[in-house]
Amino acid sequence: EKGGWSSFMAKEVSEEPEAVANTIRGRFSDGAVTIPELDGLDELFLGIDRVIVVACGTAAYAGMVGKYALEQWTRVPVDVELAHEFRYRDPVIGPNTLVVSISQSGETMDTLMAVKYAREQGAKTLSICNTQGATIPRESDAIVYTHAGPEVAVASTKAFVAQITALYLLALHVGRVRGVLSAEDSAEAVSELEAIPAKIARVIETEQEHIEQFAGWMADTASVLFLGRHVGYPIALEGALKLKEISYIHAEGFAAGELKHGPIALIEPGQAVFVIVPSPRGAAELQKKVVSNIQEIRARGARVIAVAEEGDVSVLPFADEVLRIPLAAPLFEPLLAVVPLHIFAMGLATAKGLDVDQPRNLAKSVTVE
Ligand code: BG6
């Protein structure tokens with residue numbers, strides 16, 4: 001039930017802190033990750049030489065974020081593929097391939113068919129899913145459930161942060177099993193993750209009203225661009241997808257480094273551009289590059305909305321709006337940076353008078369190919 005909320009989406013965005021907290025609950029002890037569902041699977045994780053993540057829509061962007069953590073903590077190469085593309089191109093897979101599917105519903109036909117195909121080709125399969133007993137986890141060798149709670153709004157929000165959380169837990173677990181991640185580094189990551197729910201709550205508390213206000217002013221905007229780099233890149237893609245899905249505004253996400261290779265041609269006076277700025281502490285080199293991207297687009301008249309760490313003053317001279325996120329280690333920033341983008345999409349769709357829970361032409365779970 002919606003309770004006192006104006007929409008399921010509003011309720012579900014407000015539940016993003018709990019979605020993360022509930023997904024990590026019971027999976028840590030003494031700074032170490034213990035995922036009961038993965039007990040007895042050490043041999044599987046020791047035997048793999050490659051991971052392929054398959055998913056659709058928002059879940060695929062969670063997978064792209066997860067790739068950074070999986071590669072950093074496990075040193076196993078990771079590819080992320082849209083499930084419907086994966087299956088129809090004769091991919092190279094074998095007994096040492098782990099195919100990780102991500103699906104909120106666990107019923108998306110494209111993802112299910114990719115998992116079945118992977119199994120037929122002899123791969124191991126692991127499902128990250130939010131729905132207990134759904135078809136995709138039943139077709140998989142291993143399951144890590146996200147505990148975001150039921151998600152009703154068609155556009156996925158709280159499930160997205162829960163999916164990233166589950167991928168991070170998986171990465172920490174596999175990294176420890178394979179002996180490539182130290183107990184100390186794992187414990188540090190665990191404490192970063194444990195701090196995330198309160199930080200998401202702070203973003204909502206401090207920025208929601210501000211974002212809804214300027215989203216209202218932007219109700220007539222024809223197009224919005226999103227730029228991000230490293231883990232901020234999939235967040236840019238997610239910000240653009242959410243806006244398309246519920247506000248029907250043309251939106252595109254780009255890797256910030258790609259700007260000069262094409263997208264900068266789109267920049268004209270008044271073009272709204274969200275920029276996810278990496279941390280000046282944790283990712284100083286990338287932060288400088290992104291700030292110089294901001295200068296380039298600002299010089300061409302873009303309206304810049306920067307999503308930046310608290311205390312990062314370097315963006316102030318070039319940004320029309322600054323949305324603040326609390327400090328976190330770079331790998332954990334996506335869990336914070338996405339929150340203002342979810343709120344923005346919702347604010348803009350609401351300002352246009354649209355039904356944010358039931359966008360036109362979309363279904364919560366697409367059970368046909
Ligand atoms: C789409 C939904 O059709 O399916 C998206 O509209 C969702 O919101 C995507 O991200 C994948 O769904 P699932 O259930 O597999 O995560």
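Only residues that are within 11 Å of the ligand (Cβ to nearest atom) and free of Cβ contacts under 8 Å to residues at least 24 places away in the same chain were counted in segment 160-188, giving 0. Taking only pairs six or more apart or across chains, which ones have beta-carbon atoms under 6 Å, a first residue in segment 120-142 that is on the phi > 0 side of the Ramachandran plot, and a second residue that is not aromatic (F, W, Y)? The qualifying pairs are G122/G94; G122/P95. Tally time: how many residues in segment 214-235 are in contact (Cβ under 8 Å) with a residue 12 or more places away in the chain, in a helix (DSSP H, G or I) and closer than 19 Å to G270 by Cα? Of the residues in segment 214-235, 3 are in contact (Cβ under 8 Å) with a residue 12 or more places away in the chain, in a helix (DSSP H, G or I) and closer than 19 Å to G270 by Cα.
Is it the case, given these coordinates, that T97 is closer than 22 Å to E43 by Cα, over 21 Å from the mean Cα position of the chain (by Cα) and buried (at least 16 other Cβ atoms within 10 Å of the Cβ)? Yes. Within segment 130-159, being surrounded by 24 or more Cβ atoms within 10 Å (Cβ to Cβ), hydrophobic (A, V, I, L, M, F, W, C) and either within 8 Å of the ligand (Cβ to nearest atom) or more than 23 Å from P234 (Cα to Cα) (or both) holds for I136, A155, A159. The single condition from (1) surrounded by fewer than 18 Cβ atoms within 10 Å (Cβ to Cβ); (2) among the small types (G, A, S); (3) under 20 Å from S223 (Cα atoms) that S365 fails is (3).
Looking only at segment 1-22, residues that are in a loop (DSSP other than H, G, I, E, B) and farther than 16 Å from M346 by Cα come to 3 in all. Residues of segment 127-148 that are touching a Ser or Thr at 6+ places or on another chain (Cβ under 6 Å) and either modelled with pLDDT under 95 or more than 21 Å from A21 (Cα to Cα) (or both): I136, P137, S140, D141. Take I102 and tell me if it is in contact with a Leu (Cβ under 7 Å, 6 or more places away or on another chain) and either outside any loop (DSSP other than H, G, I, E, B) or within 10 Å of the ligand (Cβ to nearest atom) (or both). Here the answer is no, as I102 does not meet what is asked. Taken over segment 335-362, the criterion of being crowded, with 20+ Cβ neighbours inside 10 Å and more than 16 Å from the ligand (Cβ to nearest atom) is satisfied by L335, L336, A337, V339, P340, I343, F344, G347, L348, T350. Among residues of segment 87-112 that are at positive phi, those with a beta-carbon under 9 Å from a residue that is assigned to a loop (DSSP other than H, G, I, E, B) and within 16 Å of the ligand (Cβ to nearest atom) at least six positions away or on a different chain give the pairs G106/N130; G106/T131; G106/Q132; G106/G133; G106/A134; G106/S365.
Set side by side, the residues G270, G257, G253 differ, and just one is within 16 Å of the ligand (Cβ to nearest atom) and either assigned to a helix (DSSP H, G or I) or within 20 Å of E321 (Cα to Cα) (or both), which is G253.
The values are calculated or read from the model by the stated rules, or taken from the named source; none is laboratory data. These numbers come from a predicted model, not from an experiment. Using ideal geometry, Cβ is built from the backbone for each residue, glycine included, and neighbour counts are taken over all protein chains shown.
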